[in-house]
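The values are calculated or read from the model by the stated rules, or taken from the named source; none is laboratory data. Worth saying up front: this structure is predicted, and the values here are computed from it rather than measured. Positions of Cβ are backbone-derived with ideal geometry, glycine not excepted, and every protein chain shown enters the neighbour counts.
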Amino acid sequence: MTAIDYYFICSSPFAYLGHKAFHELAATHGATIRYKPISIAGVWEKSGSVPLGQRTPVRQRYRRIELQRIADIRGLPINLEPKFFPVDPTLADRCVIVLAGGGKNPAGFIWRVKQGVWANEENIADRDQLAAYLGAEGHDAEAVLSAAQAEPAGETLSRNTREATEVDAIGAPVYVLNGEPFWGQDRLDYLAHALETKRGPFKP
């Protein structure tokens, strides 16, 4: 079965806007998603990208236009100035690692977290908020959160980050098919074409 490595952070607005479209695309093509949350700072260190606050004013203004444009196309709400942003997504990301590592589908939890930031004015760094998301998805919240705070989850996060840099991830989200990276939800059409044609991966 075809597998797509999905490198992301739960607080990314572009991962939020592409979430449903990506999952629908994978389902259409019978592809398995391998969920691989990363440390975005570790990826940026290698790719040369910088945090939002360090970008030029023109880049920041264009980002706001892009978010509105994509949200309009996707039919999703978007708050350009969330109450809780910037926010540390680490605990949420590590919960995803625990769920996926335990054979559970984390997609519903991820969607609740992303909506929490960009639509619902919720603090995804808050343990109780994450527990509520996990419970709503039928997971054992305390067990997942405890495991998420343990060393193995952190080691997996670090490994995912190294893997992302090795496939030339620039930011998040990045979808990797047969070793070929597709950076950004606006590259989903390119990913769809690769899946449809079953072409080999392009190399630098």
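Remarks
- Residue list for segment 1-15, filter: touching a helix residue (DSSP H, G or I) at 6+ places or on another chain (Cβ under 9 Å) and either closer than 20 Å to Ala148 by Cβ or part of a strand (DSSP E or B) (or both): Ile4, Asp5, Tyr6, Tyr7, Phe8, Ile9, Cys10, Ser11, Ser12, Ala15
- Pick from segment 1-22, criterion at pLDDT 95 or above, more than 12 Å from the chain's Cα centre (by Cα) and of a type outside the set (Ser, Thr, Tyr), ranking: farthest from Glu180 (Cα to Cα): Ala21
- Some residue of segment 54-69 being surrounded by 13 or more Cβ atoms within 10 Å (Cβ to Cβ) and either polar (S, T, N, Q) or in contact with a Cys (Cβ under 7 Å, 6 or more places away or on another chain) (or both): no
- Filtering segment 33-51 to residues that are in a helix (DSSP H, G or I) and in contact with a helix residue (DSSP H, G or I) (Cβ under 7 Å, 6 or more places away or on another chain) leaves Gly42, Val43, Lys46.
- Test: Ala26 is free of Cβ contacts under 8 Å to residues at least 60 places away in the same chain, under 25 Å from Gly101 (Cβ atoms) and under 17 Å from the mean Cα position of the chain (by Cα): yes
- Residues that are within 30 Å of Ser158 (Cβ to Cβ) and either within 19 Å of the chain's Cα centre (by Cα) or outside any helix (DSSP H, G or I) (or both), drawn from segment 52-65: Leu52, Arg55, Arg63
- Qualifying residue in segment 147-159 (condition: assigned to a helix (DSSP H, G or I), among the hydrophobic types (A, V, I, L, M, F, W, C), in contact (Cβ under 8 Å) with a residue 24 or more places away in the chain and closer than 22 Å to Ser49 by Cβ): yes
- Within segment 160-204, the set of residues being in a helix (DSSP H, G or I), in contact with a Leu (Cβ under 9 Å, 6 or more places away or on another chain), touching a residue at least 40 places away in the same chain (Cβ under 8 Å) and of a type in the set (A, V, I, L, M, F, W, C) comprises Leu188, Leu191, Ala192, Leu195.
- In segment 82-106, the qualifying residues are those that are in contact (Cβ under 8 Å) with a residue 60 or more places away in the chain and among the β-branched types (Val, Ile, Thr), and the one that is surrounded by the most Cβ atoms within 10 Å (Cβ to Cβ) is Val96.
- Search result, residues across segment 26-83 that are of a type in the set (Phe, Trp, Tyr) and over 17 Å from Ala15 (Cα atoms): Tyr62
- Segment 67-94, subset polar (S, T, N, Q) and not in a loop (DSSP other than H, G, I, E, B), residue nearest to the chain's Cα centre (by Cα): Thr90
- Residues of segment 124-146 satisfying the condition of being touching an Asp or Glu at 6+ places or on another chain (Cβ under 9 Å) and part of a loop (DSSP other than H, G, I, E, B): Ile124, Ala125
- Scanning segment 20-38 for residues being over 19 Å from His193 (Cα atoms) and out of contact with any Phe, Trp or Tyr (no Cβ under 6 Å at 6 or more places or on another chain) gives a total of 2.
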